[in-house]
1. Arrange the residues THR82, THR161, THR10 by how much accessible surface each exposes, largest first, with a 1.4 angstrom probe.
2. For the pair ARG8/GLN92, report the inter-label distance in nm, with labels modelled 7 Å from Cα in the Cβ direction.
3. To one decimal place, what orientation-averaged projected area in nm² is obtained for the convex hull of the Cα set of the range 97-159?
4. Please find the FRET efficiency linking GLU105 to ASN158, where r is the Cβ-Cβ separation and R0 is fixed at 22 Å, and quote it to the nearest 0.05.
5. Using a 1.4 angstrom probe on the protein heavy atoms only, line up ARG154, ARG8, ARG81 by accessible area, largest first.
Amino acid sequence: MNDEWRERLTRYGHLERCSSLVDAALEPGPWVLGCYLAGIFTFTDPSDKILPLSPTQERWWTFIRRTWEQAGDDLWRSQVRTLPVLVTVTRQNLPGPNKGDPSIELTNLARDVHRAWESLQDRQAILVDIYRVAQADFDAALSSMHGLDDDLCRMIENASTSQKDDGSLGP
């Protein structure tokens with residue numbers, strides 16, 4: 001985030017307001033709040049003392065995971081445009097070796113992403129024809145989610161293959 005933009009957001013209290021909403025976003029409920037906050041925090045400096053989350057913290061991952069868990073349940077007009085942002089945030093914060101067993105995390109994430117992607121596909125007619133979501137916005141959301149879904153499946157497959165290879169190389 002450039003300094004002028006950050007200064008403006010800070011001066012008018014927007015970053016503090018976003019920070020105050022984090023706990024609400026971690027509670028079950030409308031997932032779009034978590035998606036918007038994840039997008040905002042992605043474009044801020046994680047070392048900034050005003051932010052309650054850092055990409056290296058477990059809470060950040062919980063925040064992203066909870067947003068995906070809820071995404072498949074409630075897709076409406078305003079949320080469709082936030083999905084590509086959620087995909088970007090997720091890609092930037094995929095679990096690594098320091099987060100426990102990454103295959104469990106990836107499997108859970110892949111399940112939720114796939115469920116949300118299927119839900120979006122199922123609701124295309126309603127979202128585009130009735131709620132007037134722009135076809136370009138719908139297509140961008142669907143494409144970004146499909147790409148993440150495919151990538152997660154490949155990552156799980158590669159991790160599984162890697163574990164099998166490691167097991168077969170034993171003494």
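The values are calculated or read from the model by the stated rules, or taken from the named source; none is laboratory data. Treat the numbers as computed from the prediction; the structure is a model and nothing was measured. Here Cβ is always computed from backbone atoms with ideal geometry, including for glycine, and neighbour counts include all displayed protein chains. When the accessible area is computed, the model is the full protein with side chains, heavy atoms only, and any ligands, DNA or RNA have been set aside. Shrake-Rupley method; radii C 1.70, N 1.55, O 1.52, S 1.80 Å.
1. Numbers: THR82 5, THR161 70, THR10 45 Å².
These residues rank, largest area first, as THR161, THR10, THR82.
2. 1.9
3. On the way: hull surface 18.3 nm².
Value for the range 97-159: 4.6 nm².
4. On the way: r = 14 Å, r/R0 = 0.65.
Calculated value: 0.95.
5. Values: ARG154 125, ARG8 90, ARG81 165 Å².
If we order ARG154, ARG8, ARG81 from most to least accessible, we get ARG81, ARG154, ARG8.
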